Amino acid sequence: MVQKSNQWSVQVGEHEKVSNLVKPVKGKYNMYSLKIHKIGKNVDSVYVNLYRNEPNSKTKYSLSGCPPNHPCNKEKNIEKIPFDLAKQMNDGYPYVFANFPLSEKASELEVEVVWTENNEGRPMKETFIFTDK
């Protein structure tokens, strides 16, 4: 599933099937991947939040982004290099979250992209909602 705006292309798809990554657990959660490309103006900063719904609740639950020791970056071994998602995306490399769990009870995934541009410091936000319907 892909959704686009003037600034972003957001794709939710199948998780990467690598032996050392978390696997789906039937009756609990499925696994997915997320890829976000910057298709508009260059950005100064960017942050991604993921949320899922819970049946019979107005509250949305955050899904963890990239763990601190496994950043969503184009390179595999970057522990000593500062993580700069804006630079990465301006250079044409997407934000990639290869394997994340989503509760089977959830019927909605909300992807929120917050960014700044033009050295203004004023955050902007777009929200992309994926549903199972």
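The values are calculated or read from the model by the stated rules, or taken from the named source; none is laboratory data. Keep in mind that this is a model prediction, so the values were computed, not measured. Cβ coordinates were reconstructed from backbone atoms using ideal geometry, including for glycine residues, and neighbour counts include every protein chain displayed. Note: accessible area is taken over every heavy atom of the protein model, side chains too, but ligands, DNA and RNA are not part of it. Shrake-Rupley method; radii C 1.70, N 1.55, O 1.52, S 1.80 Å.
For segment 15-31, a residue qualifies if it is open to solvent by less than 70 Å² (accessible area, probe 1.4 Å) and either on the phi < 0 side of the Ramachandran plot or in contact with a strand residue (DSSP E or B) (Cβ under 8 Å, 6 or more places away or on another chain) (or both), and the qualifying residues are HIS15, VAL18, LEU21, PRO24, VAL25, TYR29, ASN30, MET31.
Cβ separations smaller than 8 Å between residues 6+ apart or across chains give the following pairs from segment 107-120 residues that are more than 14 Å from LEU63 (Cβ to Cβ) and modelled with pLDDT of 90 or more to residues that are open to solvent by less than 20 Å² (accessible area, probe 1.4 Å) and of a type in the set (Phe, Trp, Tyr): VAL113/TRP8; VAL113/PHE128. The single condition among (1) open to solvent by 60 Å² or more (accessible area, probe 1.4 Å); (2) at pLDDT below 90 that LEU63 does not meet is (1).
Comparison of ASN30, ASN69, ASN73, ASN42 shows that the only residue that is touching an Asp or Glu at 6+ places or on another chain (Cβ under 8 Å) and at pLDDT below 90 is ASN69.
Considering segment 90-128, the residues that are assigned to a loop (DSSP other than H, G, I, E, B) and more than 28 Å from ASN20 (Cα to Cα) include one that is least open to solvent (accessible area, probe 1.4 Å), namely GLU117.
Hey, does segment 34-47 have a residue that's among the aliphatic types (A, V, I, L, M), outside any loop (DSSP other than H, G, I, E, B) and either without any contact (Cβ under 8 Å) to a residue 60 or more places away in the chain or more than 29 Å from MET124 (Cα to Cα) (or both)? No, that holds for no residue. When each of VAL48, VAL2, VAL12 is tested for being crowded, with 17+ Cβ neighbours inside 10 Å and either touching a Lys or Arg at 6+ places or on another chain (Cβ under 9 Å) or at pLDDT 95 or above (or both), the lone residue that passes is VAL12. Flag: LYS87 matches the condition of being under 25 Å from ARG122 (Cβ atoms), open to solvent by 70 Å² or more (accessible area, probe 1.4 Å) and at pLDDT 90 or above.
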